[in-house]
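The values are calculated or read from the model by the stated rules, or taken from the named source; none is laboratory data. Quick caveat, the model's predicted, so the values are computed rather than measured. Reconstructed Cβ throughout: ideal geometry from the backbone, glycine too, with neighbour counts over all protein chains shown. For the accessible areas, the whole protein counts, side chains as well, though only heavy atoms, and no ligand, DNA or RNA atoms are used. Shrake-Rupley method; radii C 1.70, N 1.55, O 1.52, S 1.80 Å.
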Amino acid sequence: MEAMLAYLLKVSVSAILFYLFIRILMERETQHEYIRGLWVGAIVFSLVLPFIYVPVPYLFPEKVEAAESMNIVMSGGEPEMLLPEETHAAVDWLAVSGYVYIAGAAIVFMVYAVSFIRLYVRIKRTPRTHEYDSVLRRCAEESGCGREVRLYVTDDSSTGPYSWMRSIVINRQDMENDGKDIILHEMGHISHGHSWDVILTELFTCLLWFNPASWLIQYSLRQIHEYSADRTVLRSGADAREYQTLLIRKAAGSAYHSIANSFNHSNLKNRITMMLQNQTSKSAYAKSLALLPVLACLLFVFSASRPAPSDKVNEIPAETEISSQLQTSVQISDDAIPVVRSSAPAVQEDDDPVPFQFVEVKPSFMGGDANDFSRWVCEHLVYPEEAKSAKIQGRVTLKFTVNTDGSVSDVKILHGVNRLLDAEAVRVVSMSPDWAPGMIEGKPVRVSYTFPVIFKLSGNGDDDAEKVPDIYIDGKKATSEDLQKNKLVDGYVDENGEIHLMSTRLSDRKDFIKWANTVLVYSQEAKSAGKYGTVRASFKIKSDGTVGDIVIKESPDDIFSQEVRRVIASSPEWSKSAYQHIMVDGPGCVELSVGFCLKSVDKDGNAVWLGSEVEDHDIAVMAFADNVLEARAMKK
């Protein structure tokens, strides 16, 4: 929806600028067919320009984008997960705008469709005559019309003359009195193919029904059609005064079909004024060159804003936090705010790496995504003893490149803290296993990442800790409940370091699994008691987007049942499309399998997982039995 609205915005801007420039520059010129070409070109270029990309300098400042979901990370002990209060989801104005646009476009299209059908039926019901074939042949010679024209004559005197494609409809009274001039005029429309222009403008106004410029372009082009047809009549030798008198007489009538090329369709005053105006110099063609800078500016701006960020912003690298209790053991949490630099896209010059969010097929790490890389980094990072003793902590921001062969290179420090922490972050990232490379248009490309690692000590007072920036969701300062409740899809960091996020409703079961994966907790009580096993549950989505009818079908212990029930009950609201797809057209409920797995050590010192394999579950919540590490993995 966002991509469609962005495209419509670009087309609208192009249409407005083209209309203003052509109207101002060419309004009084008499090169009607040339001006007609400009109007048609304005429509075509408005529709096509947003798709054209040329390499240009980047205009927009960098920002930080956030992933779909995040948790508050607490150093030391278990994170306290609070049940969110009942809140109503914010109105998705982007989706509302999209639906309003689609409804408007459908209404306009239906109106035009009905008009086309009425026009077709009207022509078919009017008898075709060969009685005036000699008049048709003479008018074709004088107007230069080389197309076969079909003449339909009706006895209904209220029907005004009009033409469509190769058909001319006229009432018998007009044919007997002023038939030649009227047929010459309509042959002017037919010989220049004006009906095709009409179809193009109708489709254009359907697309941009909300933009006055599209309707003004349509009106201006129809006006040019009439000027051109009038010129055809005068060039055939018709008396200008008599023809103008005929226009005045026929102006009192009404055109039956607004879509067809009606004889009395356009503004009478403007048509007579244009007929009286002297032929302008051909040097007026040079005025249209002023459109070239407009074209160049539009192309520059549209290219500088492309490509739009991918909708799948959740597939970006996660921030890693390593926290210590001033002991030799290390606790690692993988739930933090993902960060990626938003740079310009994707043109490979001198094999420069492409920023992560602009790659069509994202690089994958060991069969997973960038979040799996974050977990791998967590497992291999070691807090330097010297840094712990000196109570050194902070955020190290690195940048590295995944090459076309999957190897990692160019590991650089963008923002360092201390040589010890910097060196440890570089050491771990540099020893990364190979990735599956990113792809653009089916070809592997080098991809750049920005990857932050926070080294944070616990138990030494808040004064030495890195200040956590304020987080806002939809413009309001977020609490821990908000962060658990909302599915976060986009965001940026402002100049004060505050994080601004935007939320939306869950759109499908996959969205729910991603969200639930970030809030499920392996309780300390269950770990201490060595409990593990699989919980199978189901729930239903209500028409208002909330969840209900939670059923625990299978569970090894009430501790796990309560945790799964808690998470399902605190689900973000679901979209209406999800309700329709799952509850109305689909299975009628959402099935969920959660595995709680404990990692232990056997007598030989080998790691052993107690519980089912990760692949057997939608979500696997894993923890070390000795409380050293808690990690999470989601079924791919």
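Once both labels are positioned 7 Å from their Cα atoms along Cα-to-Cβ, the gap between residue 166 and residue 559 label points is 8.5 nm.
For residue 412, the solvent-accessible surface with a 1.4 Å probe is about 120 Å², rounded to the nearest 10. Residue 109 exposes around 110 Å² of accessible area when a 1.4 Å probe is run over every protein chain in place. Of the residues 93, 164, the one with the largest accessible area comes first in the ranking 93, 164, computed with a 1.4 Å probe on protein heavy atoms.
Compute the Cα gyration tensor for segment 143-288, then decide on rounded, prolate or oblate, letting a ≥ b ≥ c be the square roots of its eigenvalues: rounded whenever a/c is under 1.5, prolate when a/b is larger than b/c in the other cases, and oblate in all that remain. Oblate is the answer for segment 143-288, as a/c is 1.5 or above yet b/c matches or exceeds a/b. Of 222, 128, the order by accessible heavy-atom surface (1.4 Å probe, DNA, RNA and ligands excluded), from most exposed downward, is 128, 222.
Using a probe of 1.4 angstrom, how much of the accessible area of segment 518-593 is carbon and sulfur, in percent? Ligands and nucleic acids excluded, carbon and sulfur give 48 percent. Counted by Cβ distance under 12 Å from residue 115, the other residues give a net charge of +1, where Lys and Arg count +1 and Asp and Glu count -1.
One chain, two ends: residue 199 and residue 268. Fully extended at 0.36 nm per residue, the span grows by 22.5 nm beyond their Cα-Cα distance. Taking other residues whose beta carbon is less than 9 angstrom from the beta carbon of residue 553, and scoring Lys, Arg as +1 and Asp, Glu as -1, yields -1. The candidates 198, 108, arranged from most to least accessible area with a 1.4 Å probe in the full protein assembly, appear as 108, 198. Extents of segment 152-233, largest first, come to 43, 26, 18 Å (Cα atoms, principal axes, whole angstrom). Out of the total accessible area of segment 124-203 (probe 1.4 Å, heavy atoms of protein only), what percent is carbon and sulfur? In segment 124-203, the share of accessible area belonging to carbon and sulfur is 44 percent. Both radii are taken from the alpha-carbon atoms of segment 108-213; with Rh as the Kirkwood radius, Rg/Rh is 1.03. Heavy-atom accessible area for residue 532, with the other protein chains in place and a 1.4 Å probe, reaches approximately 100 Å².
Between residue 147 and residue 284, the simple spin-label model (points 7 angstrom out along Cα→Cβ) gives 2.5 nm.
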